[in-house]
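Below is one structure, written out as structure tokens, with a few remarks after it.
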Amino acid sequence: FPAMVVLFDVDNTLLDNDRVTADLKHHLQQEVGPAREEQYWAIFEELRRELGYADYLGALQRYRVRYPRDPHLLTVSRFLVNYPFVER
């Protein structure tokens, strides 16, 4: 059987969530504007409460359900998929 490894990030030890959040906040403000950016973070926090962890892509998926015709969805998605999480 393959071994399973589970990592828990406590107080930004594995991932600098504050930096990821700041970078994403800046990108969202440029791409979707302040009102929709606030909606993304509301969705993000709702999902975080449900799951118990940060899920940036999951929040974007829920955002897409609410705003299916937002022309900036692909740009934001590309930003997250290509984000340098390893460096953070």
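Things worth noting here:
- Within segment 21-43, residues that are in contact (Cβ under 8 Å) with a residue 24 or more places away in the chain reach partners that are part of a helix (DSSP H, G or I) and acidic (Asp, Glu) with beta carbons closer than 8 Å, at six or more positions or on different chains, in the pairs LEU28/GLU37.
- Condition met for LEU60 (surrounded by 15 or more Cβ atoms within 10 Å (Cβ to Cβ), modelled with pLDDT of 90 or more and aliphatic (A, V, I, L, M)): yes
- Evaluation of ASP9 against (1) farther than 14 Å from LEU80 by Cβ; (2) in a helix (DSSP H, G or I); (3) in contact with a helix residue (DSSP H, G or I) (Cβ under 9 Å, 6 or more places away or on another chain); (4) modelled with pLDDT under 90 (one fails), failing number: (2)
- In segment 13-70, the residues that are of a type in the set (A, V, I, L, M), within 18 Å of VAL81 (Cα to Cα) and in a loop (DSSP other than H, G, I, E, B): LEU15, ALA54
- Among residues of segment 48-65 being aliphatic (A, V, I, L, M) and touching a Phe, Trp or Tyr at 6+ places or on another chain (Cβ under 9 Å), the one that is nearest to ASP18 (Cα to Cα) is ALA54.
The values are calculated or read from the model by the stated rules, or taken from the named source; none is laboratory data. In this text, all values refer to a predicted model and were calculated from it rather than measured experimentally. A quick note on method: Cβ atoms are made from the backbone with ideal geometry, for glycine too, and the neighbour counts reach across all protein chains shown.
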